[in-house]
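First comes the structure, then the notes that go with it.
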């Protein structure tokens, strides 16, 4: 069971720039993964956990708000590492 989450230095820097409610939701996701495991948390519809495609193949994202997504990867050692928190808008599609 995967239940350890790490924030890369880039993700930590991203969190300084985002609204507090986005940080709160990310920390709630981290706590849920550490308590219940990644597979159970992926079932929660509010996070919209999904694999990414194209250049981001191998990464996954969770929805923190309409405007923010957190991008993570599953490492070989069984940990989850967040690599970035990004703002998205309709112009990014």
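The values are calculated or read from the model by the stated rules, or taken from the named source; none is laboratory data. It should be emphasised that the depicted structure is a prediction, and the values quoted were computed from it without experimental measurement. Counting neighbours? That spans all protein chains shown, and the Cβs are built from the backbone with ideal geometry, glycine included.
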When segment 45-72 is checked residue by residue, the ones that are surrounded by fewer than 15 Cβ atoms within 10 Å (Cβ to Cβ) and within 15 Å of residue 30 (Cβ to Cβ) are 46
Taking segment 59-91 and keeping only residues that are under 21 Å from residue 16 (Cβ atoms) and at pLDDT below 90, one is left with 88, 89
